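The values are calculated or read from the model by the stated rules, or taken from the named source; none is laboratory data. Computed from a prediction, not measured in an experiment: that's the story for all the values here. Ideal geometry is used to build each Cβ from the backbone, glycine not excepted, and the neighbour counts take in all protein chains shown. Note: accessible area is taken over every heavy atom of the protein model, side chains too, but ligands, DNA and RNA are not part of it. Shrake-Rupley method; radii C 1.70, N 1.55, O 1.52, S 1.80 Å.
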Amino acid sequence: MDISIVIPCFNEEENVPQLARRLKPVLSELRGEFRGWVEVVFVDDGSHDATARRLQAAFASDPDVQVVRHPRNLGLGVALRSGLQASRGQVIVTTDSDGTYDFATIPLLLAALGPQVDVVTASPYHPQGGVQGVPAYRLALSRGCSLLYRLLVDRRIYTYTALFRAYRRGVLEDVNWKATGYLAVAEVLVEARLKGYR
């Protein structure tokens, strides 16, 4: 399968060396494991620093890495849609640029995307999950939002706020997601469930 990894970025200049060090081995592993190609689409969402330039330099030797730039900050939802438009894969992986979820677990995410599965989302609140190094206020907010979504949409999904996901391309093209900011992450998953995607 052809895989596109979409990574939104905003003012990540200082993090680029660590991002590259952690992502490159995963790309090598994926390219050796899956038939098809693996590309990365970074979306620099109007950074005020040298994020785009550093990403281009760090991945200059990889022709399957591109950096899409927004002239100003448009929000996470817009960045995700820009990444989708620029990508070519039939499977889209979205993840945070700061490595909130370990890039090395991307193969596990993809392995869970079986024939009867359209979307896979990571969850620190799953019984087999865990949380480390997250400030208490963010954890309380995230847990509270996820609980509300679980009650209203689908109890089998433990979090609706994690960006770390794998989708079949058709899901993202079919669902009607309009949020420009962080709410887009939950909106996509809610819309996909309401449309019957699994």
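Quick check: is even one residue across the stretch 146-157 among the small types (Gly, Ala, Ser) and either within 14 Å of the chain's Cα centre (by Cα) or at pLDDT 95 or above (or both)?
No.
Collect the residues in the stretch 61-110 that are closer than 17 Å to residue 2 by Cβ, of a type in the set (Ser, Thr, Tyr) and assigned to a loop (DSSP other than H, G, I, E, B), keeping them in residue-number order.
Pass one, the stretch 61-110, residues closer than 17 Å to residue 2 by Cβ: 62-66, 83-94, 106-107, 109-110.
Filter once more, keeping what is of a type in the set (Ser, Thr, Tyr): 87, 94.
Within the stretch 61-110, just 87 meets the criteria.
Any idea how many residues of the stretch 170-198 are open to solvent by 30 Å² or more (accessible area, probe 1.4 Å) and in a helix (DSSP H, G or I)?
Total meeting the criteria: 8.
Which number in (1) under 20 Å from residue 43 (Cα atoms); (2) open to solvent by 20 Å² or more (accessible area, probe 1.4 Å); (3) modelled with pLDDT of 85 or more marks the one condition that residue 161 misses?
Residue 161 satisfies every listed condition except (3).
Among what's in the stretch 100-109 and is of a type in the set (A, V, I, L, M) and at pLDDT below 95, pick the residue that is least open to solvent (accessible area, probe 1.4 Å). Please lay out each step first, then the result.
Step one: list which residues in the stretch 100-109 are of a type in the set (A, V, I, L, M), which gives 104, 106, 108-109.
Applying the additional criterion that residues be at pLDDT below 95 yields 108-109.
Values: 108: 123, 109: 13 Å².
Result: 109.
Being free of Cβ contacts under 8 Å to residues at least 60 places away in the same chain and in contact with a His (Cβ under 9 Å, 6 or more places away or on another chain) is true for just one of 43, 67. Which residue is that?
Result of the check over 43, 67: 43.
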